[in-house]
1. Give me Tyr140, Tyr27 sorted ascending by neighbouring Cβ count inside 10 Å, so fewest comes first.
2. With respect to the cross-link table entries Lys28/Lys89; Lys28/Lys139; Lys58/Lys127; Lys28/Lys65; Lys23/Lys58; Lys14/Lys89, which display a Cα-Cα separation exceeding 21 Å?
3. Extension gain Met162-Asp128, at 0.36 nm per residue separation less the Cα-Cα distance, in nm?
4. Counting only the backbone N, which residues of region 138-164 are under 18 Å from the spot 7 Å out from the Cα of Glu93 toward its beta-carbon?
5. Run lengths n ≥ 4 of DSSP H only: what is the helix-derived mean residue ellipticity at 222 nm for the chain, with -39500 (n - 2.57) per run over all residues, to the nearest 500?
6. Kindly identify region 84-169 as rounded, prolate or oblate by the Cα gyration tensor criterion: order the square roots of the eigenvalues as a ≥ b ≥ c, call it rounded if a/c is under 1.5, otherwise compare a/b with b/c, prolate if a/b is larger, else oblate.
7. Fewest Cβ neighbours within 10 Å first, please rank Leu156, Leu6 accordingly.
8. What's log10 of I(q)/I(0) for region 1-114 at q = 0.11, 0.20, 0.23 Å⁻¹, Debye sum over Cα points only, no solvent?
Amino acid sequence: MNNIVLTGMPGAGKSTIGVLLAKVLGYKFIDADILIQNSQGMLLREIIAKYGDDGFLKIENDVNKGITDQHAVIATGGSAVYCTDAMEKYMAEDTVIYINLPYEEIANRLGNIKRRGVVLKDGQTLKDLYNERTKLYEKYCHINIKAEGLGIEELLDSVAGMIIVRRDL
Ligand SMILES: Nc1ncnc2c1ncn2[C@@H]1O[C@H](COP(=O)(O)OP(=O)(O)O)[C@@H](O)[C@H]1O
Ligand SMILES: O=C(O)C1=C[C@@H](OP(=O)(O)O)[C@@H](O)[C@H](O)C1
Ligand SMILES: [Mg+2]
């Protein structure tokens, strides 16, 4: 097993869990969103405003594909699931974990999603986005964690447990 890659909707807790998981496993922690910001010297929402959704996704694909670290927990951004090359590389080389939450729980966590910077087409609602992405998160994962109602520590235990089971297979 190489890297652990966390995917899921914005607000699912990828970044929060990722850093804690890295400590538990003794791995490095990489937040792909921070790599994207550093690569452009701009905030995510500024990159989206400047280059549009497609331009942002190209940068996101390149940044994720370009990660060469090993033994790292990688928190991807929610839109990484559209980055086909990067997701295929992650699926081939790493363990991809989808943090799967019901729509209502995501909606409650995301107040102003525009401020965070989300790849959302004009007229598309959060619900539309959730439905569109769910199929992709399910396609590009090795482990689908049902995280409904789990607090941070409970989710951490669940994810770490699944990784240990998979290692033992
Ligand atoms: N298991 C959890 N239960 C409740 N709130 C959580 C949980 N995990 C994360 N959060 C909260 O949800 C918000 C989004 O978390 P974040 O880690 O930034 O998500 P992501 O990286 O998936 O977008 C934060 O306010 C965080 O504190
Ligand atoms: O889902 C999205 O469209 C996005 C999620 C963000 O990351 P988080 O999932 O960590 O919030 C970030 O990559 C970018 O602003 C786009
Ligand atoms: Mg994040």
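The numbers here are math on the coordinates, done by the rules we state, and not lab data. Please read these numbers as outputs of a predicted model, since none were measured by experiment. Ideal geometry is used to build each Cβ from the backbone, glycine not excepted, and the neighbour counts take in all protein chains shown.
1. Final ranking by Cβ density, sparse to dense: Tyr27, Tyr140.
2. The answer is Lys28/Lys139; Lys58/Lys127; Lys23/Lys58.
3. Here the answer is 9.3 nm.
4. Correct set: 140-142.
5. -17500 deg cm²/dmol
6. Working: a/c = 2.53, a/b = 1.41, b/c = 1.79.
Oblate, because a/c is 1.5 or more while a/b does not exceed b/c.
7. So the ranking, lowest neighbour count to highest, is Leu156, Leu6.
8. -0.34, -1.13, -1.39
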